[in-house]
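Presented below is the structure to which this report refers.
The values are calculated or read from the model by the stated rules, or taken from the named source; none is laboratory data. Note that this is a predicted model, so its numbers are computed, not measured. In this analysis, Cβ positions are derived from the backbone assuming ideal geometry, glycine residues included, and neighbour counts consider all displayed protein chains.
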Amino acid sequence: MRRLNVNLPQNDYPILIKKGLFNNIGEEIEKIHENKKIVIVTDDNVEKLYGERIKAHLGNDFKMKMIVIEPGEKSKSISVLQYIYDEILDFEITRGDLIIAFGGGVVGDLTGFAAATLLRGIPFIQVPTSLLAQIDSSIGGKVAVNLPKGKNLVGSFYHPKAVFIDPELLHTLDKRFFYDGMAEVVKYGCIKDEKLFKDLFSYSEEELFEHIEEVIYRCCYIKKSIVEKDELDTGERMLLNFGHTLGHAIEKYYKYERYTHGEAVAIGMYRITKKSEAMGMTEKGTANLIKDMLCKYDLPYEMPDIDKEKIIEAIVFDKKNKGEYMNMVLINKIGKSFIKKIHRKNIFSYI
Ligand SMILES: NC(=O)c1ccc[n+]([C@@H]2O[C@H](COP(=O)([O-])OP(=O)(O)OC[C@H]3O[C@@H](n4cnc5c(N)ncnc54)[C@H](O)[C@@H]3O)[C@@H](O)[C@H]2O)c1
Ligand SMILES: O=C(O)C(=O)C[C@@H](O)[C@H](O)[C@H](O)COP(=O)(O)O
Ligand SMILES: [Zn+2]
């Protein structure tokens, strides 16, 4: 078993990573939760594959309710949030009970925000089932829903009590969503870990699966280390947003239908690096390295044909903006990233 701990002034929680951990989920939860009432929030795909198993692994000791939502980004909405609130309240939950976010990043962000806000905070744990959720969204406490005006515009920082990661759950993930998660894995390589980037490049598909537990561990280690330094996203944590300014704008522009989160971030990472390379802030050839990597994982890199004004409309709400200024995440080279503060009027050079 690989174990990490997220150490924060108000929160301290474990991340456990192990193939087969899902089978022992009941025992692990009993170590951290004494009460007997549990709400599981999941989506329809995950429920069909693992719904009966999670209930069986939790055992008969808990009084359980399972809430199932439609899969996909469109569920990260105020209306689905309202549905979850109602369903949880119908179960007469208290702050002494527990909510489990069992699914990909959509379920994790949405359930985490419901847990953060209902009764002003109910404990929750993350049992991430997609690659993206196992390496990124289940850690660090960013929980949110989208608004018509943009991504994650209503949210909070609310940490889980524990994160239980079982890489075996990834065997049922569609290839498209496995690669979607790989985009955020590539992000970690770009911002902090040249060795990870090189390893990803050298792995065959088979080797990647052989090394998946280690890859997950390395990503979780980078994320938790950054979050420990800057929990509330005022400095270093912004690096985790590499490729996201444009990525979020692209996702929103296409109403979350054309690109997954990882795919949009992939385009954003390549585009911003190409621009910063042209402006002399990034080592020559870096954008091409990223492009080759994205192609390897069947991810898009070319900017779709969107009117720049539309992009600007979408990025006014980027959470890295401060007044007239925007914080852009750039890389000097693979593994070395920095934040460049620019005036809003100069944004055209970066998109
Ligand atoms: N909070 C954060 O720090 C953070 C970080 C990165 C991304 N995110 C958010 O995460 C979301 C994307 O997450 P995602 O890529 O996991 O998308 P997702 O939750 O939509 O899951 C992708 C698809 O995979 C299916 N699925 C999940 N686990 C499965 C399994 N084991 N087997 C078969 N199918 C499975 C889902 O049903 C869904 O259809 C976005 O909303 C993004 O903004 C949040
Ligand atoms: O944890 C973070 O910090 C991140 O930026 C991780 C991102 O991968 C993730 O997509 C996050 O949800 C983006 O948050 P936002 O603050 O840009 O909405
Ligand atoms: Zn992301």
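Here are the numbers for this structure:
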item: Residue satisfying all of: in region 290-311; charged (D, E, K, R) and in a loop (DSSP other than H, G, I, E, B); surrounded by the fewest Cβ atoms within 10 Å (Cβ to Cβ) among these; result: 305
item: Index of the failed condition, residue 127 passing every other in (1) within 13 Å of ligand 2 (Cβ to nearest atom); (2) among the hydrophobic types (A, V, I, L, M, F, W, C); (3) part of a strand (DSSP E or B); (4) buried (at least 23 other Cβ atoms within 10 Å of the Cβ); result: (1)
item: Within region 108-124, considering residues that are of a type in the set (Gly, Ala, Ser) and within 11 Å of ligand 2 (Cβ to nearest atom), the one surrounded by the most Cβ atoms within 10 Å (Cβ to Cβ); result: 108
item: Matching residues, region 146-161, being surrounded by fewer than 22 Cβ atoms within 10 Å (Cβ to Cβ) and either in a loop (DSSP other than H, G, I, E, B) or at pLDDT 95 or above (or both); result: 147, 148, 149, 152, 153, 154, 155, 156, 157, 158, 161
item: Which numbered condition residue 236 fails, given (1) touching a residue at least 12 places away in the same chain (Cβ under 8 Å); (2) over 20 Å from residue 150 (Cβ atoms); result: (1)
item: From 91, 102, residue being touching a residue at least 40 places away in the same chain (Cβ under 8 Å), of a type in the set (Phe, Trp, Tyr) and surrounded by fewer than 19 Cβ atoms within 10 Å (Cβ to Cβ); result: 91
item: Filtered residue count, region 215-261, keeping only those that are charged (D, E, K, R) and within 22 Å of residue 347 (Cα to Cα); result: 5
item: Cβ pairs under 7 Å, 6+ apart, first in region 56-78 and under 20 Å from residue 143 (Cβ atoms), second assigned to a loop (DSSP other than H, G, I, E, B) and within 16 Å of ligand 3 (Cβ to nearest atom); result: 73/256; 74/256
item: Subset of region 31-47 (residues that are assigned to a strand (DSSP E or B) and surrounded by 20 or more Cβ atoms within 10 Å (Cβ to Cβ)); result: 38, 39, 40, 41, 42, 43
item: Criterion: over 18 Å from residue 190 (Cα atoms) and not aromatic (Phe, Trp, Tyr) - qualifying residue of 245, 260, 282; result: 260
